[in-house]
Protein chains: 2
Amino acid sequence: MTVDTKTSANPNAGRPRVVVIGAGFAGIAAVKGLRGADADVILIDRHNYHLFQPLLYQVATAALSPAQIAQPTRAIVRRQKNCTVALGEVTGIDTARKIVRGHTDEIAYDYLVVATGATHAYFGHDEWADAAPGLKTIDDATHIRRRVLGAFEQAETCEDETLRRALMTFVVVGAGPTGVEMAGAIAELARHTLKGEFRNIDPAAARIILAEAGPRVLAAFPEKLSNRARRDLEKIGVEVMTGKAVGNCAADHVVIDGETIPCRTIVWAAGVQASAAARWLGAEADRAGRVKVAADYSLPAQADVFIVGDTAALTDSAGRAVPGLAPAAQQAGKYVARVIRARIEGKDAPPPFKYRDDGTMATIGRGKAIALIRGFGFGGFIAWWMWGVIHIMPLVGFRNRVVVALDWMWSYLTHARGARLITAPKDKRADL
Amino acid sequence: MTVDTKTSANPNAGRPRVVVIGAGFAGIAAVKGLRGADADVILIDRHNYHLFQPLLYQVATAALSPAQIAQPTRAIVRRQKNCTVALGEVTGIDTARKIVRGHTDEIAYDYLVVATGATHAYFGHDEWADAAPGLKTIDDATHIRRRVLGAFEQAETCEDETLRRALMTFVVVGAGPTGVEMAGAIAELARHTLKGEFRNIDPAAARIILAEAGPRVLAAFPEKLSNRARRDLEKIGVEVMTGKAVGNCAADHVVIDGETIPCRTIVWAAGVQASAAARWLGAEADRAGRVKVAADYSLPAQADVFIVGDTAALTDSAGRAVPGLAPAAQQAGKYVARVIRARIEGKDAPPPFKYRDDGTMATIGRGKAIALIRGFGFGGFIAWWMWGVIHIMPLVGFRNRVVVALDWMWSYLTHARGARLITAPKDKRADL
């Protein structure tokens, strides 16, 4: 990041500057909410794109290409003339001087929106990270894709029956939406997409284990739906192990509930940890590292600093803990934009934030999903279809919408997956 | 590669085994030509996909995603039951023992087809490789994409006018089809796609230089077409420098014809070098490292070893040097399959190879291309349209055909480019 106060200075001196860190759902919503406001907006992100994270597992299982779920940040805000995009990594925040620090530069703010998201949490076992990668970035997704596809490739040419068995064992840890989606998608890849492509192994013989420490899968849903999801998973060939904690993750095995299972591919979907924002700000955080914010998402001690999205912990005005979901992040981003606008324009602050639950869904596989909308729960093909529409519609840009919809229909009709590339720089390909 | 003689042994002992190295145009054509033959075919490649190299520059300039021009090798040969695919890297060939060596294993052959292609040649200046990457693989393409997009990002936040100028200078070395396509595509990216997305720089002010040591661009075409291509390039804002040799390529400058030009992005499209096959085989090679083969593409001293595609040097039965183009590679692959089949079936060998020239084309940019078909040369929109159809039609797989066609039309209508991602593992992102 080499933006500094000078380069980005607006000719209209005196206009307040709003710095937004993070181009995820919350950050983009905050920026868009400030369109036309009498302020200079600077959006900083490490990547040059906004990522549609809910479909990341489809990249990890070779159904979609990275570019299909990512849109250049600059293209998104192209027409918003009061917004400047800066590519760079934030290393700290100095609230006393009202400055955001990068590796080589500093940038001053009048209002700051921190929307830096979350990463994987290994519950004190960071040494598991290499063996059990999580799924938060495009690099994570292509890395997991390489491991999954590479395991079948190695199994095909492996003569040792025990090793072959281990190569064809896939373990997903954590049965929240991401874990369920990953396990279901690996099962479909093995049973359908790869069918008939190998000569020495039968990909359909792959063992796919979904391990969950809690009592049931998709615990955020009512028990009935959760049970239905479990049956659907088992129907497509996923071994669901609930109430079983993972004791170790290593390169060649996993320990589930005391039992050692030889395997070569583990995907971590068990926990998230908020980004470093609490540390940067010296703010109070909850166990998951989320900053405890005031009712308007501001920092209690710093009214001009707002924390939104997965980095914030808030119980809304209706007494409901705001969940770590994309729609909640978007609502929060939009809300803080309103708060900041009101302050700039000297108007009354909007009422405290209230999360609007438009429903939650999780997909299990082809034609299988569960949905909970305004207390009404249902599953099956209709839920799956709705899941698809809801996930395709917000994909930024008409072109991606059309292309992903086409890919989705095509995959449904043919079981084919369009992005089965094992790619990596040469020195990284060793783990194949 | 862990395939060995045992695992891959066919129950029908005594059936000849054909090993094909390389899943490019030549290798795939050879494998397909052996469909139904009474032989076991083993196809070995370092990657798990067949790459449509002629469109690689579109990945490097963010118009297409890698998966759109690559198809899993296993999916291509899924129905060819006599073919086994092995993912692995070949390290040598022992013609005396009739064995192909990999890192850990060996595999015996009765007939061998070497189709390992070509790589960049720096004419004795391998130290230029870091500063001036070439364009042969998907990793090359995403690396160049990262550099080109990253240069604009850095320029946006750069305060030093001289450095900014250098960041916005793009140099393509070599004005063959790849060089011309790259220069044209970078010009369009700068002038159209990125228009209006930056606040501190005008991407259209970028300087794009195409440097060629020879007297004209696209030297394989007649002078009239070549001149037309040059005018088209200049029209879209490419500075064409012909008759100017490159004296040095460094991280922060290039020397062209004695003049030092500060720049940060250089793309090498000046020369190719055949793969290591000649060395593996101890065979006679020409200056570009291509193995001199007999009229049936076999090795003069080893009638059961065939070299095809960019790795082979052959003057065909009509006295014409077979060019290093995809159609020529396909024809050669298909031809050696016929030769091998004839030998297996104890039939007469087919007549010596004769290259069939169906025409050559090069694209310069949106609506601009030149074509030479059976001695008839033309340019402009019709040539461009034909170029598009000819490059989209052979894309393996109906889905990619539809998606790429849609992308192509969409880009034409909107100037948008769909794959503008700067991606790299974290430790590789430093060069951004």
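Read-outs throughout are calculated quantities, based only on the coordinates presented, and are distinct from any laboratory measurement. Since we're looking at a predicted model, the values are computed, not measured. Reconstructed Cβ throughout: ideal geometry from the backbone, glycine too, with neighbour counts over all protein chains shown.
Taking amide H positions as modeled 1.01 Å from N, with prolines and chain starts lacking one, the residues under 5 Å from A:Asn248 and 5 or more places away or on another chain are A:Val255. Take the Kirkwood radius over Cα pairs of the stretch A:9-92, plug it into Stokes-Einstein at 25 °C and 0.890 mPa s, and you get 178 µm²/s for translational diffusion. Measuring between alpha carbons in the structure, the pairs from A:Lys98/A:Lys347; A:Lys195/A:Lys244; B:Lys334/B:Lys368; B:Lys98/B:Lys136; B:Lys32/B:Lys354 lying more than 26 angstrom apart are A:Lys195/A:Lys244; B:Lys334/B:Lys368; B:Lys98/B:Lys136. Taking the number of Cβ atoms within 10 Å of each Cβ as an exposure proxy, the fewest-first ranking of A:Phe378, A:Phe152 is A:Phe378, A:Phe152. Secondary structure note: in chain A, about 50% of the DSSP beta bridges are antiparallel. Annotation for A:Ala288 and B:Arg165: the two label points, set 7 Å from Cα along the Cα-Cβ direction, are 5.3 nm apart.
Backbone phi angles across the stretch B:312-323, fed through the Karplus curve with coefficients 6.51, -1.76 and 1.60 (θ = phi - 60°), yield HN-Hα couplings of 10, 10, 9, 9, 7, 5, 8, x, 9, 5, 5, x Hz in residue order; Gly and Pro are listed as x.
Using a 10 Å cut-off around each Cβ, can you sort B:Ser65, A:Ser298 from fewest to most neighbouring Cβ atoms?
On the way: B:Ser65 27, A:Ser298 21.
Arranged by neighbour count, lowest to highest, B:Ser65, A:Ser298 become A:Ser298, B:Ser65.
Database remark: amide H of A:His50 closer than 5 angstrom to the amide H of A:Gln71, A:Thr73 (H placed geometrically; neighbours at sequence offset of 5 or more, or on other chains; Pro and chain starts carry no H). Please report the base-10 log of the normalised intensity I(q)/I(0) for the stretch A:245-376, using a Debye sum with one equal scatterer per alpha carbon and no solvent, at each q in 0.19 (1/Å). For the requested q values the scattering log ratios are -1.08.
For the rotational copies A and B, the chain A residue with its Cβ nearest the relating axis, together with that separation in Å, is A:Ser65, 2.
What is the calculated FRET efficiency for A:Ile390 to A:Ala295, with r their C-beta to C-beta distance and R₀ = 30 Å, to the nearest 0.05? Could the numbers behind the result be given before it?
Working: r = 29 Å, r/R0 = 0.96.
Computed FRET efficiency for A:Ile390 and A:Ala295: 0.55.
Show me the GluC sites (Glu not before Pro) within the stretch B:47-127 that DSSP assigns to loop and that have at most 15 other Cβ atoms within 10 Å of their Cβ. Could the numbers behind the result be given before it?
Values: sites: B:Glu89, B:Glu106, B:Glu127; in loops: B:Glu89.
Counting only loop positions with at most 15 other Cβ atoms within 10 Å, the GluC sites (Glu not before Pro) in the stretch B:47-127 are B:Glu89.
The distance from the alpha carbon centre of the stretch B:235-284 to that of the stretch B:187-211 is 22 Å, rounded to a whole number. According to the Cα-based calculation, Rg over Rh for the stretch A:165-287 is 1.06, with Rh computed by the Kirkwood formula. Each part gets one Cα centre, and for the stretch A:131-186 versus the stretch B:328-405 those centres are 38 Å apart. Here is the list for the stretch B:86-178: trypsin sites (Lys or Arg not before Pro) lying in DSSP coil, each with at most 14 other C-beta atoms within 10 angstrom of its C-beta, are B:Arg97.
May I ask what percent, to the nearest 5, of DSSP beta bridges between residues of the stretch B:245-366 are antiparallel? Don't skip to the end; give the middle numbers.
Numbers: 11 of 13 bridges.
Percentage antiparallel, nearest 5: 85.
Taking a point 7 Å from the Cα of B:Ala204 along the Cα-to-Cβ direction, none of the residues of the stretch A:70-90 has its backbone N closer than 15 Å to it.
Could you calculate the contour length gain from A:Lys347 to A:Arg79, that is, 0.36 nm times the residue separation minus the distance between their Cα atoms, to one decimal place in nm? Each step should come with its number before you reach the end.
Details: separation 268, 0.36 × 268 = 96.48 nm, distance 2.63 nm.
Contour length minus the Cα-Cα distance gives 93.9 nm.
Inter-copy label distances for A:Gly282: 7.4 nm (label point placed 7 Å from Cα along Cα→Cβ; shortest first). Taking every Cα-Cα distance in chain B and sorting them into 20 Å bins from zero, the calculated P(r) comes out as 25, 54, 20, 1 percent.
Bridges between two residues of the protein assembly as shown, per DSSP, are antiparallel at a rate of about 50%.
For the stretch B:185-252, the square roots a ≥ b ≥ c of the C-alpha gyration tensor eigenvalues yield an a/c of 1.5 or more together with a/b not exceeding b/c, which makes the shape oblate.
Equivalent-ellipsoid semi-axes for the protein assembly as shown (Cα gyration tensor, √(5λ), whole Å, largest first): 48, 37, 22.
Placing pseudo-labels 7 Å out from each Cα toward the beta carbon at A:Arg401 and A:Glu223 gives an inter-label distance of 4.1 nm.
In peptide A:44-50, how many Cβ atoms from other protein chains are near each Cβ within 10 Å, on average? Kindly include the intermediate steps, with their values, before the conclusion.
Numbers: counts 0, 0, 3, 4, 10, 4, 0.
Mean partner shielding for this stretch: 3.
Distances between copies at B:Gly380, taken between label points 7 Å from Cα along the C-beta direction, are 6.1 nm in increasing order. Distances between copies at A:Lys235, taken between label points 7 Å from Cα along the C-beta direction, are 5.9 nm in increasing order.
Using the Kyte-Doolittle scale, which helices in chain A average at least -1.0 and also have C-alpha atoms spread 15 Å or more along the helix axis, with helices defined as whole DSSP H runs? Present the calculation step by step, with values, prior to reporting the outcome.
On the way: long enough: A:138-156 (27 Å, -0.53); A:177-188 (16 Å, 0.49); A:223-235 (18 Å, -2.05); A:326-344 (27 Å, 0.03); A:381-392 (16 Å, 1.49); A:398-414 (24 Å, 0.36).
The qualifying helices are A:138-156, A:177-188, A:326-344, A:381-392, A:398-414.
Here is the result for the stretch B:273-309: no chymotrypsin sites (Phe, Trp or Tyr not before Pro) lie in DSSP coil with at most 16 other C-beta atoms within 10 angstrom of their C-beta.
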